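Visitor: Quick one: structure below, then a few questions.
The values are calculated or read from the model by the stated rules, or taken from the named source; none is laboratory data. From a predicted model like this one, the values you see are computed outputs, not experimental measurements. We place every Cβ from the backbone using ideal geometry, glycine too, and count neighbours over all the protein chains shown.
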Amino acid sequence: MNYKSGQVSFGIAAVLGVVLISLVLALFFLTAKVPTGHVGIITNFGKVSGEILGEGFHFVGPTDSVVDFSIKTISWTYKTDCFSKDLQLVNMEVTIQSRVIKDNAAKIFQTYGEEYMEQAFPKISEVLKSETAKFEAADLVAKREPIRAQVIRDAQKRLEGFVELVDFSIVNISFSEEYEKAIEAKQVAQQLAQQAVYELQRAKVEADKKVAQAEGEAKAIQIRGEALAKNPGVVSLELIQKWDGKSPTTLVVGDGKGSNIVLPISR
């Protein structure tokens, strides 16, 4: 009786073991975990089924494989050459922030794979070149923000149903070496012109100052002459005010012919 009970217990344990192992294997092979910020794209023998799994754990078929496909906002930086309105070569470095729309993930993965932005870049670049061509090279830096805003609007329309353009930034704008030298030469010329204008204005101010000073002196002489004519005693008064208290050593007398003679005075 005890022998038979032992056999029954062993059989039950074996069955339970098989069931447990089967459950573990089922959980291992028939479930999939989709990480945060991703969707799971189911493929069956390499063919995309079109079914999309959200974040978390999911039961899948025994022949299904699940590819984790990011739908997070991702930043991409690239450089492109454009031409301005005046046909100057412009080197643009831009940063693009984009993300895949969840409902389009399976189609994008099936059509383009995980390198889908290689298909989006040309569309955005075409819009950027179109906007750059509306402005002359000298105005591009100042017009950076309007260009950026218009590129976002137009590129979003071009990418509709594909990827979502979250943001677009123009990181750097540079020009050809020849154009950079031309800009530098122009700036130097403008500085020299401004310096010449400043020096001319300064010379004019100095000249006006001298004219004003001369006019003032002439006016003073005129006033003094008029005062002397009206009152000859003013001369004597000025001589007295300027006398230093010492006796003169010379005497100036007229010779009657319009000349003056200086005679020494003996003490």
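Visitor: Give the residues of region 77-100 that are exposed (fewer than 14 other Cβ atoms within 10 Å of the Cβ) and hydrophobic (A, V, I, L, M, F, W, C), sorted by residue number.
Guide: Once the filter is applied, which keeps residues that are exposed (fewer than 14 other Cβ atoms within 10 Å of the Cβ) and hydrophobic (A, V, I, L, M, F, W, C), region 77-100 yields F83, L87.
Visitor: Let me ask something else. Just checking, which of G61, G56, G11, G46 is farther than 30 Å from A133 by Cβ, at pLDDT below 85 and exposed (fewer than 10 other Cβ atoms within 10 Å of the Cβ)? Working first, answer last.
Guide: Details: G61 fails: exposed (fewer than 10 other Cβ atoms within 10 Å of the Cβ); G56 fails: exposed (fewer than 10 other Cβ atoms within 10 Å of the Cβ); G11 fails: exposed (fewer than 10 other Cβ atoms within 10 Å of the Cβ).
Step by step, each of G61, G56, G11, G46 is checked, and only G46 is farther than 30 Å from A133 by Cβ, at pLDDT below 85 and exposed (fewer than 10 other Cβ atoms within 10 Å of the Cβ).
Visitor: Among residues belonging to region 144-180 that are part of a strand (DSSP E or B) and among the charged types (D, E, K, R), point out the one that is farthest from A120 (Cα to Cα). Quick ask: steps written out before the conclusion?
Guide: Filtering region 144-180 down to residues part of a strand (DSSP E or B) leaves 163-175.
In the following step, the residues that additionally are among the charged types (D, E, K, R) were identified as 164, 167.
Details: E164: 10, D167: 14 Å.
Looking at residues that are part of a strand (DSSP E or B) and among the charged types (D, E, K, R), I get D167.
Visitor: Which number in (1) farther than 21 Å from I74 by Cβ; (2) in a helix (DSSP H, G or I); (3) basic (K, R) marks the one condition that K107 misses?
Guide: Evaluating K107 over (1) farther than 21 Å from I74 by Cβ; (2) in a helix (DSSP H, G or I); (3) basic (K, R) leaves (1) as the failure.
Visitor: A follow-up question, please. Pick out the one residue from V90, V94, V100 that is out of contact with any Leu (no Cβ under 9 Å at 6 or more places or on another chain), under 20 Å from A155 (Cβ atoms), at pLDDT 85 or above and of a type in the set (V, I, T).
Guide: Working: V90 fails: out of contact with any Leu (no Cβ under 9 Å at 6 or more places or on another chain); V94 fails: out of contact with any Leu (no Cβ under 9 Å at 6 or more places or on another chain).
From the options V90, V94, V100, the qualifying one is V100.
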